[in-house]
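The values are calculated or read from the model by the stated rules, or taken from the named source; none is laboratory data. Remember, it's a predicted structure, so these values are computed and weren't measured experimentally. Please note: Cβ atoms are built from the backbone with ideal geometry, for glycine as well, and neighbour counts cover all protein chains shown.
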Amino acid sequence: MGLEQQIMEEMKTAMKTKNEAVLRSLRAIKAEIIKAKTDPGAGGVIDEGIEQKFLQKMMKQRKDSYEIYQQQGRADLATKEKEEMEVIERFLPKQLTEEAIKEVVSKIIAATGAASPADMGKVMGAASKELAGQADGKTISAIVKELLAK
């Protein structure tokens, strides 16, 4: 079952159970699907890679907003962002742990021959490709910096 069909089924369930938080999140995802389908060159069809990219983008936006609302003491808005993150997370691939990311990045550093922080760009390019969808770019960057500083 594709993402769009999955979203539609969950929207029906959320409407029946009157779960506003889930419904709000699913509607946002559906809007992104429609936007992606109508983009020039899409031809009304989107592949799984594009779906994952916009889901990750939505997740990042929610995380950033959540952090800002937490800093500003807006618990009401932070709660909404947290609820939406939980729903979006259901459709994303499982995120790797920091240890697993360190292991992958270490292998990439060995393969590329990187030895100093000056080689960060080389390592980040390879790591971002290999860990696409499985780890946040900010986390990857922090781990690469840490391992190259040693």
> So which residues in region 66-95 are surrounded by fewer than 18 Cβ atoms within 10 Å (Cβ to Cβ) and of a type in the set (Ser, Thr, Tyr)?
Replying inline: Thr79
>> Restricting to region 79-112, count the residues that are of a type in the set (S, T, N, Q) and assigned to a helix (DSSP H, G or I).
In response: 3
> Which pairs do you get when a residue that is farther than 21 Å from Lys37 by Cα and in contact (Cβ under 8 Å) with a residue 24 or more places away in the chain, found in region 4-19, comes within reach of a residue that is aliphatic (A, V, I, L, M) and assigned to a helix (DSSP H, G or I), reach meaning Cβ atoms under 8 angstrom, with the pair 6+ apart or on two chains?
Replying inline: none
> Among (1) over 18 Å from the mean Cα position of the chain (by Cα); (2) assigned by TED's automatic domain parsing to the domain that holds Glu32; (3) in contact (Cβ under 8 Å) with a residue 40 or more places away in the chain, which single condition is Val105 missing?
Replying inline: (2)
> Filter region 126-145 for residues that are exposed (fewer than 14 other Cβ atoms within 10 Å of the Cβ) and at pLDDT 85 or above; which is nearest to the chain's Cα centre (by Cα)?
Replying inline: Ala142
> Residue check: is Asp76 modelled with pLDDT of 85 or more, farther than 19 Å from Gln52 by Cβ and either part of a helix (DSSP H, G or I) or assigned by TED's automatic domain parsing to the domain that holds Ile50 (or both)?
Replying inline: yes
